[in-house]
Amino acid sequence: MIARRRVLASGAVGTAALTLAACGGSGGSAGSGADPTDTEANKGKTLTLWIMEGTNAKTDEYVEALKQAFTERTGATLDVQVQPWDGAHDKFVTAMSGGTGPDVAEVGTTWTPEFADAGGLDDLTDDIKAAGLDADLVPGLVEAGTLDGRLYGMPWYAGVRSILANKEILDAAGVNQQPASWDDLLNMITTLKQKNPDLIPFPVPGASLFAMMPFVWGAGGEIATQDGDAWKAAINQPPAVEGLQFYADLALKHNSSTPAASTWKETDSLAAFTQGDVAMFVTGSWVPATVKQDNPELAEKLVAFTIPAKDSAVAGSFLGGSHLCRFTETKEPELAFELIKLMATGDFATRWATETNFFPGSQEALDQVVSEGDEITKVFAQQMSEGGTSVPVTPAWGQIEGKKTLPTLLTKILGGTPVQQAADEAAQEMDQIFQA
């Protein structure tokens with residue numbers, strides 16, 4: 001047994017100090033070594049799974065199929081509890097501190113290191129390796145679930161952001177082509193504005209961190225850097241500042257955006273795009289399917305491009321999504337991992353990806369989804385495979401995310417604060433959190 005004592009970020013409501021016992025250290029929960037597929041031995045056992053609400057429009061159908069398949073495979077009963085994203089972080093914190101968590105849960109990729117560091121999640125490294133799954137996982141999701149060289153979250157699904165555009169508008173301006181650099185993107189924007197002054201060529205949404213970050217990464221910048229166990233903000237260093245300056249200048253100097261967008265979320269950009277006011281915008285890989293469902297006529301006009309870096313066609317873009325995690329309090333670690341395997345591989349992995357329009361966490365399932373997808377799917381997949389990037393993999397990230405440090409940085413810049421000053425202020429706040 002090893003004990004970990006850490007501070008868990010509790011979103012907007014502050015912090016909660018936890019002392020949790022993480023059994024097994026590098027090997028996860030201490031199990032009996034029982035065969036999880038022994039259906040006779042598992043009769044009468046029940047496993048609890050938490051998954052998040054709203055990701056899958058067909059959650060009820062998926063859950064029923066999963067419960068049936070799990071019982072057929074193991075003999076045990078599966079109790080699936082669908083949780084709302086709103087407030088989920090604090091519900092996890094409360095459950096872990098009180099020992100009332102589920103056996104397995106969907107955990108957002110930016111939360112996994114935090115919860116693992118608190119001792120609430122099992123180390124799955126050895127289980128994944130023993131199952132022969134370690135070589136088939138999407139690297140960006142592995143990175144996001146790894147703490148101190150050990151993997152605490154099984155990659156389940158992911159999304160990435162690229163550029164979605166109205167090809168009818170782009171064709172009319174003669175700019176329907178993949179931008180190979182920032183210069184190309186700027187040329188597209190200025191041409192679109194010249195052709196139609198009332199159009200918003202490329203909104204810069206002030207409340208969207210992950211629409212901004214490709215420009216920081218595309219300039220060679222970082223959010224923060226790690227030296228040993230210590231993290232230090234890098235958002236105010238020259239490469240990051242260059243990316244922030246270029247992105248802000250799209251709005252402030254080149255009229256790519258609108259002043260109203262300084263408070264926009266990505267959903268606001270989508271709404272303006274749907275209304276025909278926006279030519280192209282940064283959005284998630286799951287959005288084209290939403291457009292197809294809600295506006296089939298517009299869906300026929302969609303085209304996608306990778307977000308370019310300063311001097312290349314693919315910038316880093318946030319690879320977000322969810323892991324499947326086994327909680328340390330489980331009394332059935334073998335059954336819990338059997339459930340994780342069932343959900344994260346094979347038919348259930350591809351089914352979830354197809355129904356949610358996210359990408360699966362295993363490379364084999366990802367390759368299948370891409371091969372069966374359209375050209376838009378392939379663009380997002382290219383951004384994911386060549387540019388998928390994680391936020392700093394540190395338990396402190398939850399607090400930085402909760403304080404909205406980086407969206408506030410962008411809002412300040414769009415409001416007139418010099419880029420270097422706003423970046424320095426953000427870096428100072430981040431370093432205070434890292435050092436706490």
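Is segment 213-221 home to any residue that is under 24 Å from the mean Cα position of the chain (by Cα) and surrounded by fewer than 21 Cβ atoms within 10 Å (Cβ to Cβ)? Write out each step before concluding.
At the first step, the residues of segment 213-221 found to be under 24 Å from the mean Cα position of the chain (by Cα) are 213-221.
Going one step further and asking which of them are surrounded by fewer than 21 Cβ atoms within 10 Å (Cβ to Cβ), we end up with 220.
Yes: one or more hits.
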Subset of segment 57-75 (residues that are of a type outside the set (Lys, Arg) and open to solvent by 90 Å² or more (accessible area, probe 1.4 Å)): 57, 60, 61, 64, 68, 72
Any residue that is open to solvent by 70 Å² or more (accessible area, probe 1.4 Å) and in contact with a Gly (Cβ under 8 Å, 6 or more places away or on another chain) - is there at least one of those in segment 36-56? yes
(1) over 24 Å from the mean Cα position of the chain (by Cα); (2) part of a loop (DSSP other than H, G, I, E, B): which one isn't true of residue 206, the others all being true? (1)
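Select from segment 376-407 the residues that are of a type outside the set (A, V, I, L, M, F, W, C) and assigned to a loop (DSSP other than H, G, I, E, B) and write down the one among them that is surrounded by the fewest Cβ atoms within 10 Å (Cβ to Cβ). Break it down stepwise before answering.
Within segment 376-407, the first condition is being of a type outside the set (A, V, I, L, M, F, W, C), and the residues that meet it are 377-378, 382-383, 385-390, 392, 394-395, 398-399, 401-405, 407.
Right, trim to assigned to a loop (DSSP other than H, G, I, E, B) and you get 390, 392, 394-395, 403-404.
Numbers: 390: 22, 392: 20, 394: 20, 395: 21, 403: 18, 404: 13.
Going through the qualifying residues, I end up with 404.
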Quick check: anything in segment 52-73 closer than 16 Å to residue 96 by Cβ, modelled with pLDDT under 95 and among the small types (Gly, Ala, Ser)? no
Only residues that are surrounded by fewer than 16 Cβ atoms within 10 Å (Cβ to Cβ), not in a helix (DSSP H, G or I) and not charged (D, E, K, R): list them for segment 223-253, please. 225, 226, 228, 230
Close pairs from segment 330-344: first farther than 13 Å from residue 75 by Cβ, partner polar (S, T, N, Q), Cβ under 6 Å, at least 6 apart: 330/29; 333/29; 336/330
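Of these, 414, 410, which one is touching a Leu at 6+ places or on another chain (Cβ under 8 Å), crowded, with 20+ Cβ neighbours inside 10 Å and closer than 30 Å to residue 361 by Cβ?
Values: 414 fails: closer than 30 Å to residue 361 by Cβ.
The match here is 410.
For segment 173-194, state whether one or more residues are open to solvent by 10 Å² or more (accessible area, probe 1.4 Å), in a loop (DSSP other than H, G, I, E, B) and in contact with a helix residue (DSSP H, G or I) (Cβ under 6 Å, 6 or more places away or on another chain). Spell out how you get there, then give the answer.
From segment 173-194, those open to solvent by 10 Å² or more (accessible area, probe 1.4 Å) are 173-174, 176-178, 180-184, 186-187, 190-191, 193-194; that's our starting set.
Keeping just the survivors that are in a loop (DSSP other than H, G, I, E, B) gives 174, 176-178, 180-181.
Those left that are additionally in contact with a helix residue (DSSP H, G or I) (Cβ under 6 Å, 6 or more places away or on another chain): 176.
Among the residues of segment 173-194, at least one is open to solvent by 10 Å² or more (accessible area, probe 1.4 Å), in a loop (DSSP other than H, G, I, E, B) and in contact with a helix residue (DSSP H, G or I) (Cβ under 6 Å, 6 or more places away or on another chain), which makes the answer yes.
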Please specify each residue of segment 42-94 satisfying the condition of being of a type in the set (Phe, Trp, Tyr) and without any contact (Cβ under 8 Å) to a residue 60 or more places away in the chain. 50, 85, 92
List, please: which pairs have Cβ atoms under 6 Å, are six or more places apart or on different chains, and start with a residue in segment 408-432 that is touching a residue at least 60 places away in the same chain (Cβ under 8 Å) and end with one that is assigned to a loop (DSSP other than H, G, I, E, B) and open to solvent by 10 Å² or more (accessible area, probe 1.4 Å)? 423/236; 424/236; 427/236
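The values are calculated or read from the model by the stated rules, or taken from the named source; none is laboratory data. Because the structure is a prediction, the values reported are computed rather than measured. Because the Cβ atoms are built from the backbone with ideal geometry, glycine has one as well, and the counts that use them run over all protein chains shown. Areas reflect the complete protein model, heavy atoms only, side chains present, ligands, DNA and RNA absent. Shrake-Rupley method; radii C 1.70, N 1.55, O 1.52, S 1.80 Å.
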